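Please read the structure below before turning to the comments.
Just so it is clear, none of the values below were taken in a lab; they were calculated from the coordinates. This is a predicted model, so every value here is computed, not measured. With ideal geometry, Cβ positions are generated from the backbone for all residues, glycine too; neighbour counts draw on all protein chains shown.
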Amino acid sequence: MYSDKVMEHFKNPRNVGEIKDADGVGTVGNPVCGDMMTMYIKVKNGKIADIKFKTYGCGAAIATSSMSTELALGKTVDEAEKITRQNVADALDGLPPVKMHCSNLASDALQEAIKDYRKKKEEKKK
Amino acid sequence: MDNGSGAPVDPRVLQEMLPYFTEHVGNPSSFHSEGFKALKAINRARQQIADLINAEPAEIFFTASATEATNLAIIGGAIRYKNKGNRVVSSAVEHISTVNICKELTRTGWEYQQAPVDADGVVLLDKLDELVTDKTVIVTVMAANGEIGTIQPIKDAAAIAHKKGAFFHTDATAALGKIPLDVKAMDIDMMTLSSNDIYGPKGVGALYVKKILRLRPVIIGGGQEQGLRSGTENTPGIVGFGKAAELAKQELPTEAKRLTGLRDHLIKGITSTIPETYLNGHTTNRTPNNANVRFSYIEGEALILSLDDVGLQVNTGSACAAKTLEPSACLLATGLKPEDAHGSLVFTLGKANNKEQIDYVIQQLPAIVKRLRSMSSITPEELK
């Protein structure tokens, strides 16, 4: 039911882990629903220089996390902010319809991480 | 190790079925020698199935599935005995098909209630007793649970129903051929029987109906199966179901013992080598073929995909691999939190499984669990 690409990212996920001194951290989902992910970003010269994730969830949740990090890495923060659930699903050659809503949360976690990064940056300015 | 969802037809069963596709193709309702042959074969199957549960052949009615048998029992019983009352009661861990059939009745003025279960999934008899009233027409409690393997006290549940003049139905799909069933000793009024859960073909089931009971049919037509289930009989399927029942009766004592050994080896092997893994369901009061194990901090679908990758097919109590997004209603009924229910694996062992395969699971699982836990956002520090 999963595409080969989803299975490949599930089996060999990219950028798993945490960044201790991350510039932004975003967590979305809920263990009650069966999916919860945290995204960590490190920003240098306005670009996503490092990105890591930790995900509790199904195959699609892990694969979308992996793909989101791959899409975001090296992009400017402004570009990365535009990555949508649909972009992630398309890059994985599609997801089963039921998974589009419940497990495709990685781009949301990325947005949250970017929001956190911007907020921290604002605070530093003050 | 997902025999609960689908197991191959026993070759001896298939052999018995084959002539009824191509040689003995008469309609059992026809008054000629080929028709008589088919009728004779069907009645032999009726006897073979009756023998497995200590019923009379005339009390076995063939249907196209276990689900259809339960429809006939509950809907057919409710319509026939509606003058008695308007209540149906089940346990809280019934198969989704039974639950949906009971819910369907509530559209036409029936009341449906579920008796809770304990942490092992055993129905609480005192609660069942409270729910069954003079207005209760049917009480249904499954013989054993297909997901967590828990065996229900159906003899006691039947006594509770009878005390209030209600009929007692049991879905024996997950119990047939796994544990001894005796409709007379257990005083069962109706029992749902499945063919494909005992190495028979799919597309055939049966309902045992005690002689004194009268049901309204839910499928109306030419009056086959004593008018209870119209439609041309599926002769090859029924013949196969009969043979499967005969073999199940012969092999139950030895196979149950063998599977219990494998099951307990699997449970112990997993829970003793992987931290924070727990057995769902009762330790001993469970069907010989079922092991349901819960893994904290990881999700069931990710587990089954990983196991599939090393050649092992198992099932999960997780919502993420199901058609709906709800976690297993059965596990929730036992008091598990949704996040715990998500991380459960269901092993249903069968004839084709042996000790080497169980050892392989025990050998493969620790690394899989470790990998998923190391990726998980909710794994505590000490388990990473």
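Across the range B:209-334, the relative contact order, built from alpha-carbon pairs under 8 Å that are at least six residues apart, equals 12 percent.
Compute the Rg to Rh ratio over the protein assembly as shown from the alpha carbon atoms, using the Kirkwood formula for Rh, and round to two decimal places. Result for the protein assembly as shown is an Rg/Rh of 1.07. May I ask you to list the aspartates and glutamates whose Cα is less than 18 Å away from that of A:LYS121, ignoring any residue fewer than eight positions away on the same chain? Within reach: A:ASP21, A:ASP23, A:ASP50, A:ASP78, A:GLU79, A:GLU81, A:GLU112. For chain B, DSSP calls about 60 percent of its internal beta bridges antiparallel. Taking the C-alpha atoms only, the angle from helix B:300-309 to the longest principal axis of chain B is near 90 degrees.
Please compute the net charge surrounding B:PHE62, taking Lys and Arg as +1 and Asp and Glu as -1 over other residues with Cβ under 11 Å from its Cβ.
Values: positive: B:ARG46, B:ARG229; negative: B:GLU68, B:GLU225, B:GLU233.
Within the 11 Å Cβ shell, the charges total -1.
For the protein assembly as shown, a crude dipole built from +1 on the beta carbon of Lys and Arg and -1 on the beta carbon of Asp and Glu, taken about the Cα centre, is about 560 debye to the nearest 20.
Can you grab the distance from the C-alpha centre of the range B:153-219 to the C-alpha centre of the range B:64-111, Å, no decimals? About 14 Å separates the Cα centre of the range B:153-219 from the one of the range B:64-111. Annotation: amide H-H contacts under 5 Å for A:VAL43 (H modelled 1.01 Å from N, sequence separation of 5 or more, or interchain): A:ASP23, A:ALA49. Which net charge results when you count Lys and Arg as +1 and Asp and Glu as -1 among the other residues whose beta-carbon is under 15 Å from that of B:ILE198? Here the count lands on -2. What the phi angles of the range A:30-38 give under the Karplus curve with 6.51, -1.76 and 1.60, with θ = phi - 60°, is a coupling list of 7, x, 4, 7, x, 9, 8, 9, 10 Hz, glycine and proline written as x. Rounded to the nearest 10 degrees, the angle from helix B:355-375 to the longest Cα principal axis of chain B is 50 degrees.
Karplus-based coupling profile of the range B:291-298, in residue order and whole Hz: 10, 10, 10, 10, 10, 5, 6, 10, with θ = phi - 60° in 6.51 cos²θ - 1.76 cosθ + 1.60 and x standing for Gly or Pro.
Listed highest first by mean packing, meaning other Cβ atoms within 10 Å per residue, what order do A:74-85, A:114-125 come in?
On the way: A:74-85: 15.3, A:114-125: 13.2.
Descending mean neighbour count gives A:74-85, A:114-125.
Within 10 Å of the Cβ of each residue in A:35-42, the mean number of Cβ atoms contributed by other protein chains is 2. Peptide A:24-33 has a mean of 3 when you count, residue by residue, the C-beta atoms of other protein chains within 10 Å of its C-beta. In this structure the amide hydrogen of B:ALA115, modeled in the peptide plane, comes within under 5 Å of the amide hydrogens of B:SER90, B:SER91, B:ALA92, none closer than 5 places in sequence on its chain. Each residue of the range B:111-126 was assigned a 3J(HN,Hα) from its phi angle through the Karplus expression (A = 6.51, B = -1.76, C = 1.60, θ = phi - 60°), giving 10, 10, 10, 10, 7, x, 10, 7, 5, 8, x, 8, 4, 7, 5, 5 Hz with x at Gly and Pro.
Net charge within 14 Å of B:LEU262 by Cβ-Cβ distance, Lys/Arg positive one each and Asp/Glu negative one each, not counting B:LEU262 itself?
+4
Nearest 10 degrees, 0 to 90: what angle lies between the long axis of helix B:96-105 and the longest principal axis of chain B (Cα atoms)? The helix B:96-105 is inclined about 50 degrees to chain B.
Using a 10 Å cut-off on Cβ atoms, rank the peptides B:299-305, B:356-362, B:178-184 from the highest mean neighbour count down. Could the numbers behind the result be given before it?
Numbers: B:299-305: 27.3, B:356-362: 16.0, B:178-184: 18.6.
Packing proxy ranking, top to bottom: B:299-305, B:178-184, B:356-362.
Here's how it looks for B:SER344: its modeled amide H is under 5 Å from those of B:PHE295, B:GLY300, B:GLY317, B:SER318, which are all 5 or more places away or on a different chain. Qualifying trypsin sites (Lys or Arg not before Pro) in the range B:185-257, where qualification requires a DSSP coil assignment and no more than 12 other C-beta atoms within 10 Å, comprise B:LYS211, B:ARG214. Counting only DSSP beta bridges whose two residues both lie in chain A, roughly 95 percent are antiparallel. Taking every residue in A:53-66 and counting other chain Cβ atoms within 10 Å of its Cβ, the average works out to 6.
If the segment from B:ASN43 to B:ALA352 were pulled out straight at 0.36 nm per residue, it would be longer than the present Cα-Cα gap by 108.2 nm. Within the protein assembly as shown, antiparallel bridges make up roughly 70 percent of the DSSP beta bridges whose residues both belong there.
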